[in-house]
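First comes the structure, then the notes that go with it.
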Amino acid sequence: MGPMTDAARDPKPSLPLAALAIALVQGLLLWWLSTGTPDGRWPAGDPRVMLPLVLLIAVLPLSLHLLWPFKRERVLHLAFVTGAVVVAVTAAWFAATHIGLDAPGSDRPRRRYDDGDIVAAFVLPLAIAWLLAMPLLKLRLTSGRWTGPYPSLFDITWRGALTLAEAALFTGVFWLLMGLAGMLFDLLGIDGVANFISEPLFAMPATTLVGTLAIHLIGASAGMVDGLLRQLLNLLKWLLPLAGVIVIAFALALLPKLPSLLAEGQKVMDAVWLLWLVALTVLLLNAAYQSGQEPPGYGRIIEQTLRVVPPLLVIVAATALYSLALRTSLFGLTPARYWGLVTAAAALAYAVGYSIAAWAPGRWFARMGGINIALALALLAVLLLSVTPMADPLRRSIDSQARRALAVTDAEARDGALRFLGREAGAAGRTRLEGIARLSDAEGGSSALRAAATLAQRPTDPRDDDDEAWLARIELPPGSPALEPGLQTALNSARVKDSYLYGVKRMMLLRSDFDGDGIPDALLLESEDFHLFWLFGVGDDGSWTMRSNGMLGRSGTRVVDLRAALQGGDFGTLPPQLRDLRVGDDRLMLRPSDPPPVPAQD
């Protein structure tokens, strides 16, 4: 069956029941996967299976709905099979390499890699690659070609982006209405509606069904989407002259200062803002160029002036790339710097390509369409390689930081590299750190390096600590006695029972008579924000028990000042300003407000 045009494929304004059935199954599968997450049941307990399943269940139905008119095409079937294999294999490899598995028989699962890190290191690059690949696939289905004609690719790309944005907005408003319904019924004392709405068994299928409904409704209104797209682009293009003025003014101001900035050596300039300038200007240039079939309509003077902008963007992008490269050479590679370098290289490529397009003979920026296609294919290749062992950002970063830890002589730089391996690089980073901790002097190690590597293996999340490591987190003011065995037992027992204490990262233990019985007690404070306390007392037999816990009420004193006073041993007890109020069997504490400030004396 040959390729057909969009016009021939546009469905009638109806909702295919098969699409809604697929969306329902998708939501139920996502719910099933979520049921094993709290207790680590399979497949949730095995990230090598869980991550590929989640991605495949999320991406494949969404792709099918966006390409629904072509569901019988053989090219689409081959593309889906290829994409599913790529996602499954790369996700399983990433999970096995960087997320890791819980230790066998462990009753306290160890967090190997945060969810946010997984999204940044793997899911986000894969999602961007998907966004780049989908228009190319649809172009192949509609025109029989992968890379042209550019006007068709332009329309497909922007229409797809607008469809996803409108579907997300539709789904968001749906949930606003559902949340409002729950609140309204709560006002009547009927909490069953809110509880039902929040249940994953309802929420996940409802989300997939509503999103699918939105995509197919938007697809049935192609004329409206095209009109909205043209309106949006024609509005955005009038911001290009302003962006051009900013680029010209900034580049002219940057050029005389660039030699002195380069001579500083460590950091030329914050590359993030430079890259934002390039990205927004590139976006507005595309809004003005659109499909390339019509001039932007600025008038000859403005159109000719805008030809100067891309060459000046080359200076801005090159400065950002140099700054990032210099930081990387000094402080080693990290995933953030890896993607910063990729972004800066892409910005420089766009600036150079658009400079060629700007000064090519013929229509205004006549070659921009071909340059966009070439750079999209190159960026797609880079993104796909980044989720494989060949160009994995985390693996490259681990290699870079491990070399830095062995090569630098500065203790602070060495410790920074080791901390990255132990706390930010997942299972593979910890494996490399363990290897460094075992290096002999003949193998390039040293006693200082081995000690620092051993210290860096301590996890940052207290939930990953064993009892001894968790107790070592407790800070003692000067002059405090060591923790007695009985107090250690009471502290660990309280940690097991109290979920708040279980996750506290920073603590201080104070010794004083807090209950007025003449016997010193132990007060454990959460010293990150000073919100919580746990009071322990000792009995006649020397055993310690937790007697009280609750919230700390404090004045407006800064946390840093509180911590400094405690670390200096400057603390004690004060009598209450007001006695507590008894109401029946309840005790109400009267907390006076802070005293008014004392006026300054002349």
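The values are calculated or read from the model by the stated rules, or taken from the named source; none is laboratory data. Source: prediction; values computed, not measured. Cβ placement follows ideal geometry from the backbone for every residue including glycine, while neighbour counts extend to all protein chains displayed.
Tabulated data
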item	result
Some residue of the range 210-233 being farther than 18 Å from Val309 by Cβ and of a type in the set (Lys, Arg)	yes
Within the range 410-446, considering residues that are among the hydroxyl-bearing types (Ser, Thr, Tyr) and modelled with pLDDT of 80 or more, the one surrounded by the most Cβ atoms within 10 Å (Cβ to Cβ)	Thr431
Subset tally (residues that are among the β-branched types (Val, Ile, Thr) and either in contact with a Gly (Cβ under 6 Å, 6 or more places away or on another chain) or farther than 18 Å from Ser63 by Cβ (or both)) for the range 118-135	2
Criterion violated by Arg72 - all others in (1) loosely packed, with under 15 Cβ neighbours inside 10 Å; (2) modelled with pLDDT under 80; (3) over 27 Å from Gln457 (Cα atoms) satisfied	(2)
Every residue from the range 306-334 that is in contact with a Ser or Thr (Cβ under 9 Å, 6 or more places away or on another chain), buried (at least 21 other Cβ atoms within 10 Å of the Cβ) and not aliphatic (A, V, I, L, M)	Pro310, Gly332, Thr334
Residue identified as modelled with pLDDT under 85, charged (D, E, K, R) and not in a loop (DSSP other than H, G, I, E, B) among Arg450, Arg547	Arg450
Residue within the range 374-388 that is within 30 Å of Pro135 (Cβ to Cβ) and part of a loop (DSSP other than H, G, I, E, B) present	yes
So Leu101, is it among the hydrophobic types (A, V, I, L, M, F, W, C), crowded, with 18+ Cβ neighbours inside 10 Å and either at pLDDT below 85 or more than 23 Å from the chain's Cα centre (by Cα) (or both)	no
The range 554-588, subset exposed (fewer than 10 other Cβ atoms within 10 Å of the Cβ) and among the small types (Gly, Ala, Ser), residue modelled with the highest pLDDT	Gly572
Residue check, Pro477 within 30 Å of Ala565 (Cβ to Cβ) and exposed (fewer than 14 other Cβ atoms within 10 Å of the Cβ)	no
